[in-house]
Amino acid sequence: MGIVDVAKTLAQVPALLTMKKGLTPRPLEEKDCYATLIETTAARVPEHTAIIFEGDRISWSDLNATANRYARALKETGLTRGDTATVFMENRIEFVTTLVALNKLGVTASLINTNLRGRPLTHCITITGSSKCIFGAELAASLEEVRDQLSLDGDSGYLWVPDGDAKAPGDWAANLRDLAANQEAGNLPETAENTLGDNAFYIFTSGTTGLPKAAVMSNRRYMMANVMSHKAGLRCSEKDCIYICLPLYHGTGLMLGMGAAYSSGATVFLRRKFSASNFLSEVREHNATCMIYIGELCRYLLNSKAAANDHDNPLHTVMGNGLRPDIWMDFKQRFGLKRITEFYGSSEGNVAFVNLLNKDRTIGTTSIKHALVRYDIEKDEIVRDANGRCIEITNDEPGLLLGHINPDAIFEGYTDPEATEKKVVRNAFEEGDAWFNTGDLIRKVDVGFSLGLPHYQFVDRIGDTFRWKSENVATNEVGEIINGFGQVRISNVYGVEIPGADGRAGMAALTLEEGVSELDLEGFSEHVNRELPSYARPIFLRVEQDIEVTGTFKMVKNKLRDEGYDPDKVSDPLYVMKPGSERYEPLTREFFEVISKGEAGY
């Protein structure tokens with residue numbers, strides 16, 4: 001154990017102590033919300049820039065005032081505390097002001113993935129009981145396609161926000177910007193009545209089965225995440241600029257990035273979408289000192305063309321999740337980073353890990369009661385002893401992570417009670433206990449001197465979910481949609497690894513209807529592209545004579561995963577959707593070799 005390592009670790013202690021008070025759970029009935037936090041920040045640094053976006057800037061004072069105008073306009077449409085409103089909009093300043101406006105009224109914002117189309121989109125709008133849908137002009141066409149399947153309050157249920165030259169929707173939606181233009185800019189009295197226990201957001205997660213589920217996030221949990229990111233993760237102030245290019249309908253950008261800015265008064269440089277080619281020039285131009293990442297973003301940046309001066313930039317701290325241990329040090333050194341705060345958690349979960357001590361290649365530690373238990377991957381089930389209790393892992397082998405459910409670590413769950421109960425492991429170690437099943441395998445790792453705090457590494461997802469393009473993909477949902485294609489009798493969907501790519505790509509084994517000799521690739525491609533968001537579309541197809549099932553009629557996936565898309569292991573016809581393509585084509589041995597070398601571009 002080196003003196004330098006001890007000194008670096010001890011240097012983290014003051015920030016941890018500062019953060020501790022903010023992470024002590026306050027009573028749910030206490031009156032507070034994140035909109036109040038923004039009002040405080042706007043009063044403290046009114047003229048400081050809050051957001052920079054596509055050449056526009058807005059100060060904290062103007063952001064708060066705009067949110068107040070939006071809130072009054074939304075109130076006049078009938079929205080009130082306890083209601084839910086869907087927000088379907090790309091990253092931009094108006095997305096942020098809309099969310100703040102809803103929170104000021106005590107209205108839950110249901111955040112929709114902007115990639116969704118068709119049935120998944122209607123499901124997400126419907127399941128939360130939204131009375132209004134607030135959308136961006138850039139997504140009007142997607143909403144128009146499904147409007148006749150929604151049961152919102154007639155035309156008054158739709159409000160839109162202009163976006164540059166994007167075509168305006170028809171007269172079925174009201175222009176929120178126009179409605180807000182002449183409203184009063186002062187803070188609303190309703191905001192003071194909101195409590196920490198009120199729902200701030202519904203954030204959708206694919207979960208392990210079925211269509212996307214709406215995870216509940218209270219004001220308390222969101223504000224605790226804000227403090228953690230601000231005080232101990234990014235350690236930022238109003239002097240910093242946070243680079244955010246992740247979608248704000250996801251927890252990572254919304255909680256770690258915008259949350260830290262709300263709390264600290266830092267400036268946010270907000271991008272509509274990630275661009276590796278513009279990254280460093282924008283970081284330098286806007287003096288971005290912090291960044292929010294996901295692992296795939298880091299890989300893209302590392303694979304971009306390197307320059308000798310890449311390390312010469314103002315960025316010093318990054319925070320996010322999914323940075324692979326094998327590229328950690330290369331990424332850190334190339335871009336001259338001093339601190340990587342890897343975070344582990346989920347929108348619906350009650351347990352989170354953070355690399356607060358700045359240890360390399362780790363998701364860090366947690367103060368929340370948790371357990372790693374033995375899991376049988378082949379049987380896809382938790383291993384229990386003769387007394388029916390879970391078996392804790394005592395060494396460094398991977399175990400299924402469970403988070404203890406208690407008043408200080410509430411599992412807020414989903415809008416669907418049945419889906420919520422499925423994520424709870426009961427009587428795990430004693431009669432009557434309850435634990436949140438994360439569905440993730442993690443393991444304990446040695447990081448040297450760490451103040452006696454155990455540190456961990458993420459290993460993998462379990463069950464019928466795989467992660468691709470930073471999204472959790474539910475195989476049952478994808479399989480159900482594939483089965484809707486006329487030629488397909490049944491499908492079996494699973495994740496397979498692609499060299500050089502994060503997560504697992506989707507692969508579907510299909511059996512065709514009787515009398516169908518060959519899959520219509522053109523028609524099937526159109527079906528998949530129409531019904532599934534890009535991240536959920538299987539990259540590989542395998543057409544089998546029969547789908548293998550167990551004695552209890554569960555489809556066998558392990559053998560299929562092992563064989564993957566290797567022509568030497570698979571005699572069935574194989575097809576692939578190449579990067580940038582929207583059509584399946586036969587997988588040739590030549591392209592398989594390109595994939596195997598990690599050069600396919602996935």
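Taking segment 103-192 as the region of interest, the strands (runs of 3 or more DSSP E) fully inside it that hold 1 or more residues being hydroxyl-bearing (Ser, Thr, Tyr) are 108-111, 158-161. Would you check if there is a residue in segment 233-242 being under 19 Å from ASN103 (Cα atoms), in contact (Cβ under 8 Å) with a residue 40 or more places away in the chain and part of a helix (DSSP H, G or I)? No: zero hits.
I'm trying to understand the selection: among the residues of segment 416-434, which are of a type outside the set (Gly, Ala, Ser) and buried (at least 19 other Cβ atoms within 10 Å of the Cβ)?
Filtering segment 416-434 for residues of a type outside the set (Gly, Ala, Ser) gives 416-418, 420-427, 429-431, 433.
Selection gives LYS423, VAL425.
Does segment 431-440 include one or more residues that are over 30 Å from ASN303 (Cα atoms) and not assigned by TED's automatic domain parsing to the domain that holds CYS390? No, that holds for no residue.
Is there a residue being at negative phi, of a type in the set (D, E, K, R) and surrounded by 23 or more Cβ atoms within 10 Å (Cβ to Cβ) anywhere in segment 59-80? Before you say what the answer is, go through the steps one by one.
In the first step, residues of segment 59-80 are kept if they are at negative phi; the result is 59-77, 79-80.
Still in the list and also of a type in the set (D, E, K, R): 62, 69, 72, 75-76.
Adding the requirement that they be surrounded by 23 or more Cβ atoms within 10 Å (Cβ to Cβ) leaves none.
No, every residue in segment 59-80 fails to be at negative phi, of a type in the set (D, E, K, R) and surrounded by 23 or more Cβ atoms within 10 Å (Cβ to Cβ).
Out of everything in segment 446-488 that is out of contact with any Phe, Trp or Tyr (no Cβ under 9 Å at 6 or more places or on another chain) and among the charged types (D, E, K, R), what residue ends up being nearest to THR9 (Cα to Cα)? Taking the candidates together, the pick is ASP446. Listed by position, the strands (runs of 3 or more DSSP E) contained in segment 337-411 that have at least 3 residues being over 21 Å from the mean Cα position of the chain (by Cα) and either under 26 Å from MET224 (Cβ atoms) or in the same structural domain as PHE458 (by TED's automatic domain parsing) (or both) are 370-373. Evaluation of LYS559 against the conditions (1) part of a loop (DSSP other than H, G, I, E, B); (2) modelled with pLDDT under 90 shows that the sole unmet condition is (1). I'd like to check something: does segment 462-482 contain any residue that is under 18 Å from the mean Cα position of the chain (by Cα), closer than 18 Å to ILE368 by Cβ, surrounded by 22 or more Cβ atoms within 10 Å (Cβ to Cβ) and among the aromatic types (Phe, Trp, Tyr)? No, because not a single residue in segment 462-482 is under 18 Å from the mean Cα position of the chain (by Cα), closer than 18 Å to ILE368 by Cβ, surrounded by 22 or more Cβ atoms within 10 Å (Cβ to Cβ) and among the aromatic types (Phe, Trp, Tyr). Residues that are farther than 23 Å from GLY251 by Cβ: find the strands (runs of 3 or more DSSP E) completely inside segment 432-476 holding 1 or more of those. Filter on segment 432-476 gives 434-445. Screening ASP502 against (1) part of a loop (DSSP other than H, G, I, E, B); (2) at pLDDT 90 or above; (3) buried (at least 20 other Cβ atoms within 10 Å of the Cβ) leaves a single unmet condition, (2).
The values are calculated or read from the model by the stated rules, or taken from the named source; none is laboratory data. Keep in mind that this is a model prediction, so the values were computed, not measured. Heads up, the Cβs are rebuilt from the backbone with ideal geometry, glycines too, and the neighbour counts pull from every protein chain shown.
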